[in-house]
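First up is the structure itself, then whatever we jot down about it.
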Amino acid sequence: MIRRFKAGVLASALLTIATAGASGDTPYDRFASRYAPDIASGRYQGGELGVVLPTYARPYLYAAWRDVMLGTRDLKASPGMEGGLDVTVQGRVGGYGDWRQNAPNDLYEAWRQAVSAALKREILPARENDNVAATYRACPDTSYFFAAQTLNDLAKRSDATPARLQAWVATQRQVFRICGDDPEVRHPGYGQAKVVVAQPAALPASEALYWRQMQEYQLASAAFYAEDYTASGKLFARIGATDEHPLRHWGEYLSLRSLARAATYVPPSVSQQERWKQRQAMAAESPEAAAARQAAQQKKVDAIQASIDHIVADPALKDLHEDARAIGRAMRSTLTPEVRFAELSKALDNPRIDPYADDQLGDWRLLANHLMSAVSLRKSVDFIDWIQTIQACYDYKPQASCEQERDHALEQWRRYVKEANKPQARVWLMAAAMRGETMPQDLEKASLQVAADAPEYLTVRYALARHYRVSKQADKARALEDAVLASAQLRAAASPSARNLFLQERLAMATTPAEAAPYLLREQVDGHDGDTGEKADAKPVNLQLASDGQRWLNSGLSNADLYALSADTRLPAALRTRIAIAAWMRFDLLGQDSDAVAAAKRIEQGTPALAADMRKYQTQANLQERRHIMLVTAMKWQLTPTLNAYMATRDDFPSPNLDDVTASMWCKLPAKAGVSIDEDTGIENAPPSPDTGNTAIRDKELAQLGSLKTATGFVGDHVLRRAAAVPKDPELPWLLYVVVQSTRGGCLDADAKTLSKNAFTLLGKRYGNTEWSRKTPYYY
């Protein structure tokens, strides 16, 4: 038994000409969905676009182009609103329609049970010794499902004898062996040749016709799996042409499958290197040779299409018509891809057709991955010109062609405005707005006039926000961003990605720390289903600190401004605590004594786990003792003078394990405003941090902090000084152990080896009879 070729498995048929697409080039971003919308496909293709980004995969950009071309009114009445975009992106599940709804969970076990029931004895190895059951199946699932189903039906026949059932099972087992599954023989290892299995012998002419006909299907399947498509095609065709044949319904269709396989078959003996050489030769062939090759391929397509037409003309085979047409589409895409790509592109350029009928957009997507750059259709197909204009210069990866593409989008928009072509004017306005950070006055004016119910509204508003920021029109930027963040349109989009993009822009325009506070936290797009875009579950939204806010907190504020922000109740308590800790440590490191004590008091009042250490800090008599308590406390509780996304909103403080403590609270502290420390600013693409608060004091403090050694070096120097000043400190053996352990790796200064040796020597010499000395057999 073999699988049918469903329309939805066209993706598999095109793997030889398709590549992965844009996703591998797109940066991961926790807070902005940059490859695909985080809006459900059904809503997205219905015009709810949110903020469209130039890094979206082509099917999503096509859907956006179509939505804008049709506009809100025409879109509602247009065809193709029944979930087609999901099919385009994900592909259909193929193989006998909904056969799996009636299939058992363990298909191979169902086959084993059918064999033992029909023969009334066990002929297969015990399951634990069955090489197919214990490893993997090379043969299609459908082959086992329908073999078991057929055998169960045969066993119920009145003329079913043990000998006939035995013969049918023996033939079917041989089919499976040819396919690659033998319960008594291990599968070949990687790189090993497939085992050659003899074709099953035909039943004698003396056997009853029905049983011979049932075996004919098996013989044809065996030839198919043996990759003898000429033989399988003839055998299946004979079945389809035989009146009263019990499997006549499948004959002509499976003959078509054999014909299609033969047209694209490459023998396993042809190595990957040889295939590569063939592709190189094709790329370098003369126009005459290329034309001859294409004519030969077209001849194959025509023969396949003639077979398809014959099947489609037969009403008795109506349940196979879609499958047959799917084979035709796959073969045209595989054998004559350039012609098919041009054909599909021309059809899809009409936004009023259903782009999802016959999976046209899905077929185009696969071909575009391979041919978009090889076959230039920009001048003749508007949507391709539009997509390539947008994608030619990603906003996170500037290229020399960016300015040209921006100018082209602007020229196209002005052209269509002049021609009063409203659909094209709308879609090119969107492209011109997306491609440019600054806008000429006519484009800005038109962008402001985009209707609030238009599919492109939020995308164009986002472009305006960027334009106002870059052109330093701060008041306009803030007014627009505040209006959008409070708008019904953004709420209706239900897109965390879109909201986060506007929050990024709004944070960048803040003028005071208090103004910035509401825009620091974002909802991660990871909480949404990757296929549908909808929120995956009903759990409460878990807001996180994004990289732009993290960078601003780490290098955008003075110590005093950071401390003041730790009292802003609009921020969650966990984040306020982490900000207070960062301010406390910075105050101490810079010798701002009274402020450090005040920060410690705030932490004591809000964080029970740290209360005892904070009280101890406050009661010390001098700055040196407080510094010591600060460093020890920070190491034990993993406290840092900077914010990181993982720890920023955690309200738990794990109990310290002294064996595992290291001086790793910072690598290098920020030396100037806007620099990154541990933020993912390279992948979370966001505007620059705002300048807020007392920038002069901030810059002076950052310069001092940036001059400090790494935490390992800073703590190491401190511990060695303390060993000289307070030699009876009972924690010194442990602290010297920590210094040595901290120099094992990570962020180190140039003198780390000397520091490690000095701490190791002192530990062994002065505290050699302690557990910490015994745990330190060498230095690093």
Legend entry - Test: residue in the stretch 756-765 that is touching a residue at least 24 places away in the same chain (Cβ under 8 Å), hydroxyl-bearing (Ser, Thr, Tyr) and more than 19 Å from Leu639 (Cα to Cα): yes
Legend entry - Candidate set: the stretch 276-298, residues that are charged (D, E, K, R) and assigned to a helix (DSSP H, G or I); chosen: the one farthest from the chain's Cα centre (by Cα): Glu288
Legend entry - So Gln273, is it of a type in the set (S, T, N, Q), part of a helix (DSSP H, G or I) and closer than 23 Å to Glu343 by Cβ: no
Inset, instruction - State whether the residues of the stretch 148-162 include one that is more than 16 Å from Ala117 (Cβ to Cβ), surrounded by fewer than 19 Cβ atoms within 10 Å (Cβ to Cβ) and hydrophobic (A, V, I, L, M, F, W, C). - result: no
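Conditions tested, residue by residue: (1) under 26 Å from Trp584 (Cα atoms); (2) at pLDDT 95 or above.
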{"residue": "Asp699", "(1), (2)": "yes, yes"}
{"residue": "Gln704", "(1), (2)": "yes, yes"}
{"residue": "Lys709", "(1), (2)": "yes, yes"}
{"residue": "His718", "(1), (2)": "yes, yes"}
{"residue": "Leu735", "(1), (2)": "yes, yes"}
{"residue": "Val740", "(1), (2)": "no, yes"}
{"residue": "Gly746", "(1), (2)": "yes, no"}
{"residue": "Ala750", "(1), (2)": "no, yes"}
{"residue": "Leu762", "(1), (2)": "no, yes"}
Legend entry - Qualifying position, being in contact (Cβ under 8 Å) with a residue 60 or more places away in the chain, closer than 20 Å to Glu109 by Cβ and part of a helix (DSSP H, G or I), among Leu254, Leu154, Leu165: Leu154
Legend entry - Hey, Ala324 touching a residue at least 60 places away in the same chain (Cβ under 8 Å) and closer than 27 Å to Tyr225 by Cβ or not: yes
Inset, instruction - Tell me which residues, restricted to the stretch 416-441, are surrounded by fewer than 20 Cβ atoms within 10 Å (Cβ to Cβ) and more than 13 Å from Trp386 (Cβ to Cβ). - result: Val417, Lys418, Glu419, Ala420, Asn421, Lys422, Glu437, Thr438, Pro440, Gln441
Legend entry - Members of the stretch 488-519 found to be of a type in the set (Val, Ile, Thr) and within 27 Å of the chain's Cα centre (by Cα), listed by number: none
Legend entry - Residue satisfying all of: in the stretch 271-303; hydrophobic (A, V, I, L, M, F, W, C) and in contact with a Lys or Arg (Cβ under 8 Å, 6 or more places away or on another chain); farthest from Ser373 (Cα to Cα) among these: Val301
Inset, instruction - Return the only residue of Val427, Val450 being modelled with pLDDT of 95 or more, outside any helix (DSSP H, G or I) and within 24 Å of Ala63 (Cβ to Cβ). - result: Val450
Inset, instruction - With respect to Gln192, determine if the residue is surrounded by 14 or more Cβ atoms within 10 Å (Cβ to Cβ), within 46 Å of the chain's Cα centre (by Cα) and within 27 Å of Asp130 (Cα to Cα). - result: no
Inset, instruction - Could you run through the stretch 454-494 and say how many residues are under 26 Å from Gln45 (Cα atoms), of a type in the set (Gly, Ala, Ser) and in contact with a helix residue (DSSP H, G or I) (Cβ under 7 Å, 6 or more places away or on another chain)? - result: 4
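Okay, residues lined up against (1) surrounded by 20 or more Cβ atoms within 10 Å (Cβ to Cβ); (2) closer than 24 Å to Asn152 by Cα; (3) touching a residue at least 12 places away in the same chain (Cβ under 8 Å):
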{"position": "Tyr210", "(1), (2), (3)": "no, yes, yes"}
{"position": "Tyr217", "(1), (2), (3)": "yes, yes, yes"}
{"position": "Ala222", "(1), (2), (3)": "yes, yes, yes"}
{"position": "Glu227", "(1), (2), (3)": "no, no, yes"}
{"position": "Asp243", "(1), (2), (3)": "no, no, no"}
Inset, instruction - Could you run through the stretch 695-713 and say how many residues are among the β-branched types (Val, Ile, Thr) and either buried (at least 20 other Cβ atoms within 10 Å of the Cβ) or under 9 Å from Leu669 (Cα atoms) (or both)? - result: 2
Inset, instruction - Kindly indicate whether Ala237 is among the hydrophobic types (A, V, I, L, M, F, W, C), loosely packed, with under 14 Cβ neighbours inside 10 Å and either free of Cβ contacts under 8 Å to residues at least 24 places away in the same chain or assigned to a helix (DSSP H, G or I) (or both). - result: no
Inset, instruction - Within the stretch 472-502, count every residue that is without any contact (Cβ under 8 Å) to a residue 24 or more places away in the chain and surrounded by 20 or more Cβ atoms within 10 Å (Cβ to Cβ). - result: 1
Inset, instruction - Would you be able to tell me the number of residues in the stretch 430-447 that are touching a residue at least 24 places away in the same chain (Cβ under 8 Å), farther than 19 Å from Ser380 by Cα and assigned to a helix (DSSP H, G or I)? - result: 8
Legend entry - All helices (runs of 4 or more DSSP H) inside the stretch 708-780 with 3 or more residues being small (Gly, Ala, Ser): 711-725, 752-767
Inset, instruction - Provide a single number: the residues in the stretch 561-603 that are part of a loop (DSSP other than H, G, I, E, B), surrounded by fewer than 18 Cβ atoms within 10 Å (Cβ to Cβ) and in contact with a Lys or Arg (Cβ under 9 Å, 6 or more places away or on another chain). - result: 4
Legend entry - Residues of the stretch 350-364 classified as in contact (Cβ under 8 Å) with a residue 24 or more places away in the chain and surrounded by fewer than 21 Cβ atoms within 10 Å (Cβ to Cβ), total: 5
Inset, instruction - Hey, could you check the stretch 623-668 for residues that are in a helix (DSSP H, G or I) and modelled with pLDDT under 90 and say which is surrounded by the fewest Cβ atoms within 10 Å (Cβ to Cβ)? - result: Tyr646
Legend entry - Enumeration of residues in the stretch 683-703 that are of a type outside the set (A, V, I, L, M) and either over 24 Å from Thr511 (Cα atoms) or touching a Pro at 6+ places or on another chain (Cβ under 6 Å) (or both): Thr692, Gly693
Inset, instruction - Pairs only if they're at least six apart or on different chains, beta carbon under 8 angstrom, first in the stretch 294-309 and touching a residue at least 12 places away in the same chain (Cβ under 8 Å), second among the acidic types (Asp, Glu) and surrounded by 16 or more Cβ atoms within 10 Å (Cβ to Cβ); list them, first residue then second. - result: Ser307/Glu252
Legend entry - Close pairs from the stretch 656-676: first within 18 Å of Gly716 (Cβ to Cβ), partner among the basic types (Lys, Arg), Cβ under 9 Å, at least 6 apart: Leu658/Lys636; Val661/Lys636; Thr662/Arg744; Lys668/Lys709; Leu669/Arg586
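The values are calculated or read from the model by the stated rules, or taken from the named source; none is laboratory data. In this text, all values refer to a predicted model and were calculated from it rather than measured experimentally. So basically every Cβ, Gly included, is an ideal-geometry build from the backbone, and we count neighbours across all protein chains shown.
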